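Here is the structure we will look at, set down as structure tokens.
The values are calculated or read from the model by the stated rules, or taken from the named source; none is laboratory data. Keep in mind it's a predicted model, so treat the numbers as computed, not measured. Using ideal geometry, Cβ is built from the backbone for each residue, glycine included, and neighbour counts are taken over all protein chains shown. Side chains are part of the model used for accessible areas, which takes the heavy atoms of the whole protein and leaves out ligands, DNA and RNA. Shrake-Rupley method; radii C 1.70, N 1.55, O 1.52, S 1.80 Å.
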Amino acid sequence: MYRTASRLIYTTFRNYYTVKPNLDKKQYDLAKQIYQKIKAMGPIPVSDYMKEVLIHPSQGYYINREPMGESGDFITSPELSQIFGEMIAIWFLNEWSKVGAPKPFQIVELGPGRGTLMQDILRVFKHFDSLKQANISLVEISPVLSDSQARRLCATTNLNPDQNAVIYREGMSIIENIPVKWYKTLQDVPNVFTLLIANEFFDALPINKFKKTDLGYREILIDIDKDKEGCFRYVLAKEETPTQKLFLRSDESRENFEISPQSLLMIKEIATRIESDGGFCLIADYGHNGEGTDTFRAFKDHKQHDPLIDPGSADLTADVDFAAIKRAGVEDGKVLAFGPVTQRDFLIKMGIEHRIKVLEENADEKQLKSLRFGYDMLMNLEKMGERFKFMALVPSVLEGILKKVPVVGFH
Ligand SMILES: C[S@@+](CC[C@H](N)C(=O)[O-])C[C@H]1O[C@@H](n2cnc3c(N)ncnc32)[C@H](O)[C@@H]1O
């Protein structure tokens with residue numbers, strides 16, 4: 001039941017980091033490919049670099065490894081404490097019940113990591129006898145992580161031999177024996193009433209970086225470092241780039257800022273789905289409310305790392321701009337957005353204090369230590385309590401109901 005004591009050794013988590021280029025000469029295959037690409041095409045946006053590094057089909061960071069945990073590069077909330085997933089499950093149960101618990105329904109997770117969060121969610125749903133008409137749809141690009149999820153969630157799974165199949169893996173869950181299906185993109189997930197969770201997914205989506213100059217804003221690109229063979233460096237675009245023309249807001253005033261076009265598209269896709277199929281969406285991630293500046297960074301062995309060194313060997317990430325995704329989400333009037341609120345506030349409102357007390361009453365000494373460590377990591381304002389935030393999307397059609405019974409966790 002409890003997270004094991006081995007989790008006590010995790011003492012680092014992702015932090016704010018300002019990039020200080022400090023390149024060395026090591027070259028990996030992926031670095032060579034990026035190098036060749038820049039040589040052929042000229043400097044590339046940070047978003048192209050992130051995409052190549054994280055999800056390159058054969059050498060991408062996420063494609064080839066299990067990055068979470070003791071032997072990995074970072075640790076996430078569900079890996080720290082089961083209570084995180086339990087509170088999320090209760091949020092979904094609460095909102096779903098408010099609209100009459102429509103069935104059939106699916107629980108969708110974007111970027112499910114090791115499957116730990118989904119396992120915790122299913123354990124809670126099981127108690128409410130509501131899972132029988134559910135499907136689990138997992139959107140995961142990494143074969144290695146889908147293996148890990150499969151081992152955690154199902155006794156056996158079948159891999160589709162057709163690499164291009166929409167459902168590339170499927171099985172039945174150990175908890176309640178319901179179908180679990182794996183997809184590469186959200187677009188492929190069936191249209192049915194959806195409870196969608198994305199924890200630390202948006203921070204993995206590519207960003208573009210911009211800087212204020214005497215000539216106005218210019219995009220920061222990645223080029224070959226001509227002074228250091230095989231290394232990369234940041235340069236400024238000579239002219240306005242297409243991304244800048246499309247996405248730069250006229251009221252922008254920060255010296256440095258980042259935009260994630262893919263995140264904006266993704267949130268619009270979620271909004272459209274929730275409006276047309278019905279459902280609720282919860283996004284949890286580290287991020288800011290539109291004031292963030294230079295947050296692009298890398299993590300390797302639980303330490304910050306230069307994003308331009310040894311691409312493919314470290315996780316690349318950027319803070320989520322909650323203000324931007326909220327704006328994009330509500331823009332077409334399909335959904336209402338709540339938050340962002342801090343992780344600490346959200347978990348308190350969801351009843352974490354009560355839950356930890358119950359768990360502590362039944363815990364032995366080792367379990368107690370682990371529980372308290374996890375609780376402190378999640379809630380402490382110096383750790384994940386403040387930097388991590390929650391945001392919810394609900395169909396606009398519920399506005400009237402929500403005036404009487406507000407969305408839990410955000411008020
Ligand atoms: C930082 S991990 C978060 C894992 C998990 N949600 C957790 O909290 O432990 C990011 C997850 O998103 C997946 N991922 C990253 N980019 C993706 C993409 N473009 N499409 C689908 N999955 C992606 C990764 O493989 C991984 O499972």
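Which order do the peptides 229-236, 261-268 come out in when sorted by mean C-beta neighbours inside 10 angstrom, highest first?
The peptides rank, most packed first, as 261-268, 229-236.
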Report task. Distance check, please: which entries in 132/349; 98/326; 103/126; 334/403; 349/389 exceed 20 angstrom between their Cα atoms? Result -> 132/349; 98/326
Query raised in the report: With charges only on Cβ, +1 for K and R and -1 for D and E, what is the dipole size of the chain about its Cα centre, in debye, rounded to 20?
Result: 220 debye
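Nearest 20 debye, what's the magnitude of the dipole of region 229-350 about its Cα centre given +1 on Lys and Arg Cβ and -1 on Asp and Glu Cβ?
Details: 15 positive and 22 negative charges, 55 e Å.
Taking the Cα centre of region 229-350 as origin, the dipole is about 260 debye.
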Query raised in the report: Going by alpha carbons, how many degrees (0 to 90, nearest 10) lie between the helix axis of 143-153 and the longest principal axis of the chain?
Result: 10 degrees
Query raised in the report: How high is the relative contact order of region 282-411, in percent, counting Cα pairs under 8 Å that sit 6 or more residues apart?
Result: 34 percent
**Report entry** 11 Å beta-carbon shell around residue 114, net charge (K/R +1, D/E -1)
**Finding:** -2
Report task. Report, to the nearest 10°, how far helix 261-277 tilts away from the longest principal axis of the Cα atoms in the chain, using its own Cα long axis and a range of 0 to 90°. Result -> 30 degrees
Query - Cα centroid of region 291-319 to Cα centroid of region 31-94, whole Å - result: 10 Å
**Report entry** Given charges at beta-carbon only (K, R positive; D, E negative), |dipole| of region 30-109 in Debye
**Finding:** 440 debye
Query raised in the report: If packing is taken as the mean number of other Cβ atoms within 10 Å per residue, what is the order of 187-195, 371-379, 250-258, highest first?
Result: 371-379, 187-195, 250-258
Report summary line: For the chain, longest principal axis from Cα atoms; helix 352-361 axis from its Cα atoms; angle between them, nearest 10 degrees, is 60 degrees
Query raised in the report: Of 307, 204, 290, which is farthest on the positive side of the dipole of region 164-308, counting Cα position, with +1 on Lys and Arg Cβ, -1 on Asp and Glu Cβ, and the Cα centre as origin?
Result: 307
Report task. Considering Cα pairs under 8 angstrom that are at least six residues apart, work out the relative contact order of the chain and quote it in whole percent. Result -> 21 percent
Report summary line: Averaged per residue, the 1.4 Å probe accessible area of the chain, protein heavy atoms only, in Å², is roughly 43 Å²
Query - region 269-411: antiparallel DSSP beta bridges as a percent of all, rounded to 5 - result: 90 percent
Report task. Just check region 299-380 against the gyration tensor rule for me: Cα atoms, a ≥ b ≥ c as the square roots of the eigenvalues, rounded for a/c under 1.5, and otherwise prolate or oblate depending on whether a/b exceeds b/c. Result -> oblate
